[in-house]
Every structure is written in C-alpha cells, then in structure tokens.
1. Which of M236, M191, M135 ends up with the largest GNM mean-square fluctuation for the chain, with Cα atoms connected below 10 Å?
2. Give me the count of lysine pairs in segment 23-94 whose alpha carbons sit under 18 angstrom apart, restricted to pairs 8 or more positions apart or on different chains.
3. With everything on Cα atoms, drop me the angle between helix 107-117 and the longest principal axis of the chain, reported from 0 to 90° to the nearest 10.
4. In vacuum, with every alpha carbon of segment 142-214 counted as one equal point scatterer, what does the Debye formula give for log10 I(q)/I(0) at q = 0.17 Å⁻¹? Two decimals, please.
5. Please report the net charge: other residues with Cβ closer than 11 Å to the Cβ of D30, K and R +1, D and E -1.
6. Work out the FRET efficiency for N130 and Q206 from their Cβ-Cβ distance, taking R0 = 35 Å, and round it to the nearest 0.05.
7. How many nm separate the modelled label positions at R112 and E223, each set 7 Å beyond the Cα in the direction of the Cβ?
8. Return one number: the angle in degrees, 0 to 90 and rounded to the nearest 10, between the long axis of the Cα atoms of helix 214-225 and the longest principal axis of the Cα atoms of the chain.
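Every number here is computed from the coordinates shown, using simple stated rules; none is lab data. Note that the structure is a prediction, hence the values are computed from the model and not measured. Cβ: placed from backbone, ideal geometry, glycine included. Neighbour counts: every protein chain shown.
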Amino acid sequence: MGHDISPIGNHNLNTASLKELAEDIVSRIDINIEYGYFGQKEYFKLLGRERDNGLIIIDSIIKHKDFKTFRLIDDSYQLKELHHKFGDDLFYNPEYWIYYEGKLPEENTIRREKEEMMLPDFTLEHNKENECERMTINKETYHNSAIYISGWWTFCRFFIVNYEDDRYLKALLDFRNVLKGYTFKFGGSKMYYLDDQSHVLEEVGQGDEWELSWKEFENIVHEKTSHLMIDIPKFMTDEKYRSNFQKLDEWPLSFRDDFKDLIE
C-alpha cells in the first residue's frame, strides 16, 4: 500500500456541537452544509425509534445556491444521544455493546468509550463524480485532504532531488495555497505534512491525533522527527538551509509549514 501525505493543522472552530460547528464553518468559507450523522438500528431501538441503519440529515445551511454543498457528520452523535438518555448506565447495558455478543467489555474499554464520547470528531466532505474533498475536524487539530498533490515519497523526492522542477514547484504552490486558505480561515496558523504510514510517529498522522491537543501533537512530531523535519518556507527562501538539508542525503520525516513565504 502506498504512503500518502497527512496534512494536519490547528484551528479555533467551535466544536461544541454539530449545529454550532456547521454555522461557524459557513460563516468563514463559502460553502453550503448539510449536517447529520450515521445511525445504527440497534441504537435507534435503545432510543425508542424504529429505523434502519443509515444517514440522518438533521438540517442544512444554504449560504448561496451556487456554492458547493458539503456534508458535515458528527461521528459521536448517536452515542451522545444515548448517553443523554441513559447516563453512564449506558456503558453497563449489554445491548449497547452490539459487537461483544451481549457481554460487557473490560473496564478499560468502557473507560475509553466514555473518554472518546467527550472528544469532538467530525467529518466534512464533498463528493461529486471523481472529485472528493474531505476533512476531519477535532477539538484543536484538523486533517485536510481537500487537495491532492502526490504520494509521500514523491513529495519528499521533490525537496531532496527535484527542487528545480518548475511543474512540481507550481503544483506545490497550488497545494500550499489551498491549505493556507482553509487553515487561516479556520483560525489556525500552521500545518505539518506527515507520512500516513510513518515508522517513527506510530499512530500520529494515521488518525490517533484526534485525541491530542495541538500542543501535544506538536510535541510528539518534534520529538520524533525534528532532526529530519523540513521547514518549507525556510527551504523555499534560504539557499543555505536548503543546501544543508540536501547534503544530509536523508529522506525527510516531516514537514512544517506556516506559509510565511506565501503571505504578501
């Protein structure tokens, strides 16, 4: 399986609820949003409803009829509904643990479920024909796959081998400008580009960063990869820095981007 780029940045979006997040996003960028969740029939039954598995759209916000419509999903919505009804008793009801064959899991699993319920976990996605723009939004970090440039190794190769390739330089500029636009409008200040199958970052860059604060995330990335991290704006503007990194003859482990070279 090929390695891909995980672009992860910070934000100050309102993640207090699905509705508040949808309203906040639409106030910052020019899109329409329909928002909801995926429900399971077993959980609908616990809630006293008769529904099959499927997508539930709660409402939509139309900013302009010509804007793209994105779908915002709260991956914990149904769990929070159940907890609102049953409280912590929910986690000791065998009917809730539908993948445990009617048995309760270990206490550590129950504790983990309670903790995860409190962590914002949203997906913002636009799908049309062969076009897919997708982001995951957590409390302080967000993963932005709204634009594709290349696989991880091609991305690395550009910096250490093919820096003079004008076509790739333009593609890199377009890639970074799109990510800069989203990040700044979401109240963030920088992004890190990570290998989604990194052998040094364990699960960070593969999804587990959703549990981390921005500071915790940065600390892990710097601790594990700072010796082979490329500061992209510095690489683009400082010939000595660029030359010194290329002389290392090593593949980068991460990239830091605060977009300083792109700010007019």
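1. Looking only at M236, M191, M135, the biggest GNM fluctuation is shown by M236.
2. 4
3. 70 degrees
4. The Debye formula, applied to the Cα set alone, gives -0.76.
5. Net charge in that neighbourhood comes out at +3.
6. 0.90
7. The modelled label-to-label distance comes out at 2.0 nm.
8. 50 degrees
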